[in-house]
Amino acid sequence: MSAQGSYAHAPGFFVGDRPRIVTSRFEYEDSHTLERYLATDGYQGLRRALARPASEIHDDVKGATVLGRGGAGFPAGTKWGLTPQGVFPRYLVVNGDESEPGTYKDRLLMERDPHQLIEGCLIACYAAGLSQCFLYIRGEMALAQERVAAALNEAYAAGYVGKNVLGSRFSIDITLHWGAGAYVVGEETALIESLEGNRGMPRLKPPYFPAAIGLYGQPTIVNNVETLANLPWIARNGVAAYTAIGTATSPGTRMVAVSGHVNRPGVYEIVNGTTTFRDLIYGDEFCGGIRNGNELKAFVPGGGSAPWFTPEQLDLPFEASQIGPAGSMLGSGAIMVMDHTTDIPRAALTLTRFYAHESCGKCTPCREGGTWLERILSRIVDGKGTDADIEQLFEVGESICPGAFPHASSSKLGLSATPFPYRMNTICFVGPSAYAPIHSALTLFREEFESRVTKRHRIPVTASGASS
Amino acid sequence: MSTTETTPDENLPPADPNAVRITINGREVEARKGEWIIAAADRSGDYIPRFCYHPRMNSVGMCRQCLVEVEGPRGPMMVVSCMTPVADGQIVRTDTPQVKRAHEGILELLLANHPLDCPVCDKGGECPLQDQAFSHGPGESRFIEEKRHYEKPIPISDLVLLDRERCILCDRCTRFADEVAGDALIHFTSRGNNTQVLTFPDEPFSSYFSGNTVQICPVGALTAKPYRFKARPWDLDKTESTCTTCSVGCRITVESSRDQLLRYQGVDSDPVNWSWLCDKGRFNFEAVESVDRLGEPLVSRDGTLTPVSWSVAMRQAAALVSAAIAEGGASSVAILGGARGTNEDAFAWASFARSLGVTLTDAQLADGLPASVFGYPQATIDEAASAKTVILLGPDLKEELPVLHLRLRDAAEKKRSRLVELSPKETGLTRYAWNSHLYEPGHQVDAVDALLDDPKVAAQIASGSVVVVVGRANLAEAPEFTMAALQRLTSRVPDAKVLPVLRRGNVRGAIHAGLSSSDAVGVLQAATEGRVNCLILVGADPIADVPDSDLARRAMAAVPRLISVDTFMTASNQNADVILPAAAFAEKDGTTTNLEGRVTQLARKVTVHGTARPDWMIAVELADVSGAELPIGSVHEVHDAMVRSVPEFAPVSRDALRERPDGILVAASRESRHEIATRTPNERAGFAYRLVVSRKLYDGGRNVEKSPSLAGLATGAALHLHPLDLDRLGAPEGAQVKVISDRTSIVMKVVSDPSVQRNTAWAPWNQPGANIGELIDATRPVNDVRVETL
Amino acid sequence: MARLTEDNVRLAREIIARYPRSRSATIPLLHLAQQQDGYVTNEAMAHIGELVGATSAEVYGTASFYEMFKFEPVGKYLINICGTMSCALMGAEELIHHAEDRLGVKLGGTTADGNFTLERAECQAACTEAPCLQVNYRYRYRVTPAEFDGLVDDLAAGRLDAEIPAHGTVARVRQRVTPDRMVGAVPPEDVTEAPVWMDGKAAL
Ligand SMILES: Cc1cc2nc3c(=O)[nH]c(=O)nc-3n(C[C@H](O)[C@H](O)[C@H](O)COP(=O)(O)O)c2cc1C
Ligand code: SF4
Ligand code: FES
C-alpha cells in the first residue's frame, strides 16, 4: 500500500522520454511549490502574454487548437470566442471535479503542479477578458485542495494573482471553490448551478449555453484543468512548437490513465493523435501488456460513459475523428482494460450502478430508468434473471436513448460499427451513460448474459403491452 | 377558460414583427418569437402531453414527457417542446411513431414508482398521469421491482398534505413556492432516485398561497385538508365565478357536489390572477357551508330574537323604517355596508335609499378612503404590474390583497418595474422594493416631498410610466394624510396613474352604485347624538369593523331601530330589532367590480341556506312594503336598470359580459378633486408610541372564523415594537403589557419586531385575544399610546 | 455547538466576500459547519441560510444533494472504499467484504466505539492505483486486506493523527487573501464595461 504522503514520483505516473507539456515537473518532490515552479520557467508564459494585447493571446490559443480535455474535446480558443459581444462581466470556471470512472489526471495536475494550473487560468482570463476565475475542485480531493490553496496564497502574496498582476493593468481574483461529492456536477451547467449554491442539476442546453448564459446568467467559460494546464507552455514556447507535436487535428499531448488488467497501470502523457491503444496497452514504455500474459477481452476507451472496444479496435489512434465513426469516444482519456477472466455482466454493473447512483434526478428516464437498469442487471448477475430481463434492458435503454445506440464493429459477430453519438431523451449524458456499458456488453458479449438467465416464454416487451 | 393549464389565449402574439410562422403536424401556425413550442401547439390545438411545464412558471424541462420531433440539419431531432423556442420556418411533429414511443417510454418510467392507488386518490378522475396512462400508457407495468416507499401523507402545512410516493418530481410546487410565492419553504431534497420534496424540519410550508400547489400538482401528491376525500372529480359540478373575498377579484371555478360547496380552483385570467389564489379565498367556502349561518328571519320579541316568516319580518322592518321617517324624516335613516355583495345588491339598496330620500349611506366602515380616490386617472392591475415605477402608498398587499401582491412581486422580480414604497411599517413587498421609506403616521406629505426631492428617485420616476398604489395603511389614523400625500404625488408627478386598493370585495361597485353619500364616522356620531332613528346594517358589523370600538358600541346602543341583513350573528346585530338572513357567495347570481373597476359575473352554484335571500331582493321587497315601489322583479332586471341609470355601469350589459369572461373595465365618473384639508397631527403629549394598526390575512372576520380550516391561522393580538424599543421598555418578549391611549387601556402581549419603526407601535387588526379597537379614537388625526410593564 | 461559532462566522463572512453573490458560499459554509460539528446540524443549516440569504429549506435542499454532507454523527474516521469499475476489476468487492468483517459493520454502518464508518464510494480518481480507499478523504492505494487491517490499527492507535484529521475537516489549508491584494467580488449587475486590459493594448 502506498500512502499519498510519499511523492518520489506520483503514484502510477511514468515518465519515459516522450515530449512532455503538462507533466514536466512531476518528478520533483517539491513540484507544487512556488520556488520550484519559478526555478523551472514558472510564470514566464504569463509575463510574455501580458506583454502583448489580449486578443493576440486569444488568437494563439485558437491557432494551437487546444482540444478540451474534459470530455467534449471542443477547442478552447473557439469556445472563448462564443461569448456574446459586449456582455460583461464574464467568468472563468475551472472544472476540477474529475470523477468520470477511469479518469485520473486532473487530480495529479492539481496536486503536483498547482502553479501551472494557476498560470493557465491567468492566461485564459487575460486572453478572453474574464473578470473573475472560480477554481472548482472535487470535494473529496483533500490534498488537491490543500496544494492549490497553498499555491494560491503564495501566488497572491508574490503578486501573480490579484490586483495588478506583475504590476500590470491586469487584475484578477482566483477564488478556490470546492464541491461536496456529486459526479454530475462535473457537467458544466451543473457545475455552475453548484457554484451558485444550488443542487447540482444540469440546465438544458439550449438555452443555457454557459458561454452565453452561465454563472449568474453571465457569459461563462468552463474549462477543464488539463486544458488550462497547457496554456503556460504554449505562451512560453509558441504555437508552432505546440502544433509540431501530435497531428493537425489533435495537436500537443494529452494525459491518459490506463487502469484494470495491465502490467503497469498508470497515468501517461502521450502524443495526441498518433499514439494507438495498442501502443498504450502493450508498449513497453507504457503498460507493457496484459497481466500474467492474459488475453485482452475488451477495453473502455474514453471513460465510463464510452461504448466499449475489443481487440479489433486496438490500432485506432487517439484521434476523435477516427474513434467516433468506430462507435465510441475518447472522452476524458481513461482506458479501462478487461482481460479474458473478466465477468462482463458484473463489470458492466459496476458502471451502471455508478451512473444510476449519480443521477441528479431531474430527468425521468435517467432517474427512473437508471435505477431500473441497475436492478435488472444485478438480478441477472446474481443468476436470478430471465431472458425477458435481457429484452427489458434494451427496452429501458430505448426510453433513455431512442434509436440506434453506438457500438464497435466485430468481425467475429459480423457486426459493423454504429457511429457515435446517440440520440437521447435526457438533458445530460448521465442517463445514457447508465445504458452505455449494458448496451456494449449485451451487443459484444450477449452469450455471457444468456448463459446466466433462465429461459421463459417471452412476455410482452413492447411499451404498448402488445405481445410481439 | 378552465383550470387546466393550457397557455392562455391572452398570450396570443399580436401580428407584429415578433410573429414567426412554424409548421406543426403539417399545419402552419403563427407563434411569437421566443415562446416555447408547447405554447404555440396549445393554441394550434395540437396538445402535447406534459407534467412539469406550466405556462405561468419558468420551464425546467424535467419530466421529458413533452418530447417532440423538430426537423434539424441532421434529420429530425427529439427536443422538449416546453423549453425549445419557436423559430421561423421550424417544422414540428408531435405525432410520429418515435414521439409516441418516447411518450410511452417516459410514462412507463413515471409509473414505475407510482403507487397505483387511484381509487383512493383525490386526483383520480382529473389526473394527467392517470389520463395519459389510459390513453397511451403500457398495458401492465413490467416494473416488478420494489417501489419507493415513504411515510404516507405527511402534513407540510396546516392546509396541505404531501404524499411522496405519488410525487413524480415535476418541480411545479417547489418552483411555485420559490418563483411565484417567494416562500421557498418546500424544496427538492436528496438526489437521483431518492429525490423528494420536503420542508425543512419544523418549518412548515406556511405560505398564504400554499393551496395553489395542490391545484398545479399533476398527480395526487399534494392534497388540501379541506377537500381530502370529500368527493370524486366526476361528481363535481363546476361553474365559473369571481372570488369576492377581497377586491382583487380573482376568477375561480366554484365546484360542488350534491348541492354542497367543495372547493374553488383558480382560473387563469390574464388581466387579474394568472390562475393563482390566496388560501383565504380558496378555502373560505367553508364559511358558506357553516352551521352557524342565519337560515330564517328573526325579530326581537320582548328582548329575545325569535324566528318568524319573511312576510312578518318584512312588515316589521318596513314599520321600523316608516316610523323612523315619521319621527325624523328620511335624513334620520342610515344604511351602512353593502360592499360585500354584488353590484346588483348595492344598486338595489342605493335605489331603496334614493326612493325614500335616505342620504346617510356608506359602504365603507371608516377603514377605507374617501370615494374621491376614484377621481384620479385610474390604472389597471396590468398597468401597475408593467409600470416602470410603482409607488406604494398603502397597506401591506400581501396581507390585504394577496394576489395583487403576487402580480407586483412578479413585476419587481422580472425587472419590469421598480417598487418605491412609502409605509409606516415594512410590508411583504419591502424586500422586493427598489427604494423603501418608513414615515411616521401623519407625515406622509413630507415623506412624499422628501422622496421626490431625491434626485435618484426623480430620475427613476422620469424614466417612464408611474402608477401609484394607494390605500389605507393605518386604521389608527384618519385617511386625510394619505389623501393629501396622494394629492401631492399626483400634482408633482402629473402623468402618474392611480390604483386605489380598497379591500372589501365589492367596495368599488357599491360606491359606483351610489352607496356612499355620507361617511361612516359621521353616521355613527350622528347616531350617538340621537340623530339616527333607524340604522340598516347591510352585511356590516360596525363594532367589529370600525376602528373605534367605543364609538361603534355607543352608536349601536343609541340607535332606537336596528335592522341587520347578514349571513351570521355579529357583535353588532345581537340587539337588532329585525335580522334578515342574506344569501352568501355562490348562492346568488350577479356581478362584481374589482379594485381596478373590472366588472365580472358571479354565478350561483348551490341553493341558499335555509330561506335566506339575496340582498337585492330584500332591498326591493323592503321598498315595496314601505310603499316605495321599485320596478324590479329579477336580478336581471336589477342589472339592466343599473346599466341604464348608473353611468359607470353603462358598458356592462349582460350580453357584453357574456362575451368577456375576463370582465369589462368601467371608469369612475370623475368627481371633482376637492383640496384635502389636513389637520396637524396631535402632539404626542407623553404618549411614547404612534399607533399603527393594519390587517393580517387571517383575522377574526367571519370568513376566517367560520371556516374551520382557517380559523386556527389567525395570529392573535399582540403589540409589536422595534427590538430597541422593547429593550427600552424592559419587557421580555411575549410579556403581557398595559397599552394606554387617552381613550382607555388594554392588556396585551408585546413582541419584538424589526419591521416596525422606532417610536411607533404596530398591532394587527381584529385578532383574538385583545381588541386594539378600544384604543382608537376615529375622530382624531392620529392615535398615540403609552406602554407600561405589569 | 450547532449554529456557527463566532470565529466561524467571521471566517464565513470572509468566504462569502469572495463571491459576487453570497448564495455561492453555501457549500463552503456547509463544509465549515461539518468541520465544526463533525456533521451538519439543522441549526447550522438555518444559520447558513441567514448568512447567505436563503431559506433553511433551500440550504437543506442543496446540502442533501451532496454525498459528503452527513446529517447525523458518523465515525471519527469515514472509510470510503471505491467500488467502481477499475477498482472492482482489481478486487474492490473482496476488500469491502474484508472490511465489513474486520470492522464488524455492514456498508453504511458505524463501529460501536464510534471510531469508524464504512461506505462504498464511487470512482475516486485513483483508478490506476486500484483497489483504493479514502479515510476522511486521504487516499490509500492498492490496498490488500492485510494492509487494510494495518491501517485500521494505526488509525485506532492514533498513529496517523498528524496526517488524517477527524471527520469534518477536509482541506487543512484554506485560501487566505489579504485585502490589499484582493480585487474584490462585484455583483454582476454592477459591471457593464469590458475589463480595462481589453483595450487592444498590452497590459504590461
Ligand atoms: C455527466 C458529465 C460529467 C462530466 N464530468 C466532467 C469532469 O469531471 N471534469 C471535466 O473537466 N469535465 C467534465 N464534463 C465535461 C464538462 O461538461 C465540460 O464539457 C468540460 O469541463 C469543458 O472543459 P474543456 O472544454 O476544457 O474540456 C462532464 C460532462 C458530463 C456530461
Ligand atoms: S440525465 Fe440524469 S444526471 Fe443528467 S440531468 Fe438528467 S437526470 Fe440529471
Ligand atoms: S413538460 Fe417539458 S419536460 Fe416536462
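A short reminder: the numbers here are calculations on the coordinates, not readings from a lab. Predicted model only: the values in this text are computed from it and were never measured. For neighbour counting, all protein chains shown are included, and Cβ atoms are generated from backbone atoms with ideal geometry for every residue, glycine included.
Would you mind counting up the charge near A:Ile290? Only other residues with Cβ under 10 Å from its Cβ, with Lys and Arg at +1 and Asp and Glu at -1. Let's see the in-between values first.
Values: positive: A:Arg291, A:Lys297; negative: A:Glu295, A:Asp339.
That sum, taken over residues with Cβ under 10 Å, equals 0.
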Compute the distance from the alpha-carbon center of the stretch C:79-126 to that of the stretch B:193-219, in whole Å.
37 Å
Tell me what chain A gives for mean residue ellipticity at 222 nm when only DSSP H runs of n ≥ 4 count, each as -39,500 (n - 2.57), the sum divided by the residue total, rounded to 500 deg cm²/dmol.
-10000 deg cm²/dmol
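Net charge around A:Ala326, counting only other residues with Cβ within less than 12 Å of its Cβ (Lys, Arg = +1; Asp, Glu = -1)? Don't skip to the answer; put the middle values down first.
Values: positive: none; negative: A:Glu312, A:Asp315, A:Glu319.
Taking every other residue near A:Ala326 into account, the sum is -3.
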Beyond 28 Å (Cα-Cα) in this structure, taken from B:Lys33/C:Lys201; A:Lys205/A:Lys297; B:Lys415/B:Lys749; A:Lys62/B:Lys415; A:Lys384/B:Lys100; B:Lys456/B:Lys497, we find B:Lys33/C:Lys201; A:Lys205/A:Lys297; B:Lys415/B:Lys749; A:Lys62/B:Lys415; A:Lys384/B:Lys100
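I'd like to compare B:313-323, C:169-179: which one has the highest average count of other Cβ atoms within 10 Å, and what's the full order after that? Can you show the working numbers first?
Details: B:313-323: 19.9, C:169-179: 16.8.
Top to bottom by mean Cβ count within 10 Å: B:313-323, C:169-179.
Applying a 10 Å radius around every beta-carbon, put B:30-41, B:220-231, A:225-236 in order of their mean neighbour count, most first. Don't skip to the end; give the middle numbers.
Details: B:30-41: 21.3, B:220-231: 19.5, A:225-236: 27.1.
Packing proxy ranking, top to bottom: A:225-236, B:30-41, B:220-231.
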Which log10 I(q)/I(0) values, to two decimals, does the stretch C:108-204 give at q = 0.10, 0.11, 0.15 Å⁻¹ under the Debye formula with one point per Cα?
-0.54, -0.59, -0.75
Put +1 on the Cβ of every Lys and Arg and -1 on every Asp and Glu Cβ in the protein assembly as shown; which of A:Val61, B:Ala540, B:Ile156 then has its Cα farthest towards the positive end of the dipole?
A:Val61
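Go ahead and run the numbers for FRET between C:Thr178 and B:Glu30, Cβ-Cβ distance against an R0 of 45 Å, rounding to 0.05. It would help to have the intermediate numbers written out before the result.
On the way: r = 60 Å, r/R0 = 1.34.
Efficiency, rounded to the nearest 0.05: 0.15.
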Output the Cα-based Rg and Dmax of the protein assembly as shown in Å, rounding Rg to one decimal and Dmax to a whole number.
36.6, 121
Of all DSSP beta bridges in chain B, antiparallel share, percent nearest 5:
60 percent
Label zone at B:Ser300 (point 7 Å along Cα-to-Cβ), backbone N below 20 Å, the stretch B:613-650
none
May I ask you to evaluate 6.51 cos²θ - 1.76 cosθ + 1.60, the Karplus curve with θ = phi - 60°, for each residue of the stretch B:225-237 and list the ³J(HN,Hα) values in order in whole Hz, giving x for glycine and proline?
3, x, 10, 3, 6, 6, 7, 9, x, 6, 7, 6, 10
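Once you keep just the Cα pairs under 8 angstrom separated by 6 or more residues, what percentage relative contact order results for the stretch B:297-439? Don't skip to the end; give the middle numbers.
Details: 156 pairs, mean separation 20.4, N = 143.
After rounding, I find 14 percent.
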Would you tell me the mean number of C-beta atoms belonging to other protein chains that fall within 10 Å of each C-beta in A:180-189, as a whole number?
4
Determine ³J(HN,Hα), in whole Hz, for all residues of the stretch C:183-199 in sequence, where each value follows from phi through the Karplus function 6.51 cos²θ - 1.76 cosθ + 1.60 and θ = phi - 60°; x replaces Gly and Pro.
6, x, 7, 10, x, x, 5, 8, 10, 10, 8, 5, x, 4, 7, 8, 9
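Could you tell me what percent of the DSSP beta bridges with both partners in the protein assembly as shown are antiparallel, to the nearest 5? Could the numbers behind the result be given before it?
Details: 91 of 166 bridges.
Among the beta bridges of the protein assembly as shown, antiparallel pairing accounts for roughly 55 percent.
For chain C, what is the mean residue ellipticity at 222 nm derived from helices alone (per DSSP H run of n ≥ 4: -39500 (n - 2.57); sum divided by total residues; nearest 500 deg cm²/dmol)? Display every interim value, and only then the final one.
Values: 7 runs with 71 residues, N = 204.
So the helix-based figure for chain C works out to -10500 deg cm²/dmol.
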Rounded to whole angstroms and listed largest first, the alpha-carbon spread of the stretch B:48-117 along its three principal axes comes to 45, 30, 15
Using alpha-carbon positions, the gyration tensor of the stretch A:243-366 gives root eigenvalues a ≥ b ≥ c; with a/c under 1.5 called rounded, otherwise prolate if a/b exceeds b/c, else oblate, the class is oblate
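Do you know the relative contact order of the stretch B:115-209, to the nearest whole percent, from alpha carbon pairs under 8 angstrom that are 6+ apart? Mind dumping the intermediate values first?
Working: 83 pairs, mean separation 17.7, N = 95.
Taking the mean separation of contacting Cα pairs over the length of the stretch B:115-209, I get 19 percent.
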Backbone HN-Hα couplings from phi across the stretch B:462-476 [Karplus 6.51/-1.76/1.60, Hz, Gly and Pro as x]
6, 6, x, 4, 10, 10, 9, 9, 10, x, 8, 7, 9, 6, 9
For chain A, take the longest principal axis of its alpha carbons; what is the angle in degrees between that and the long axis of helix A:54-63, to the nearest 10 within 0 to 90?
40 degrees
Restricting the count to DSSP beta bridges whose residues both fall in chain A, what percent are antiparallel, rounded to a multiple of 5?
45 percent
Per DSSP H run of n ≥ 4, the term is -39500 (n - 2.57); total these for chain B, divide by its residue number, and report the mean residue ellipticity at 222 nm rounded to 500 deg cm²/dmol.
-7000 deg cm²/dmol
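Using the 10 angstrom Cβ neighbour count as an exposure proxy, how do B:Ser59, B:Ser709 rank, fewest first? Provide the component values of the computation, followed by the final result.
On the way: B:Ser59 23, B:Ser709 19.
The order, fewest Cβ neighbours first, is B:Ser709, B:Ser59.
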Name the residues whose placed amide hydrogens come within less than 5 Å of the amide hydrogen of A:Ile245, ignoring near sequence neighbours (fewer than 5 apart) on the same chain.
A:Gly252
Here the net charge surrounding B:Pro479, from other residues whose Cβ is less than 10 Å away from its Cβ (Lys, Arg +1; Asp, Glu -1), is -3
Residues whose built amide H sits under 5 Å from the amide H of A:Tyr91, excluding neighbours closer than 5 in sequence, are A:Ser131, A:Thr220, A:Ile221
Give the distance, in whole Å, between the Cα centre of the stretch A:141-176 and the Cα centre of the stretch A:177-243.
18 Å
What lysines does B:Lys398 reach when the alpha-carbon gap must be under 17 Å and sequence neighbours fewer than 8 apart in one chain are set aside?
B:Lys280, B:Lys425, B:Lys696
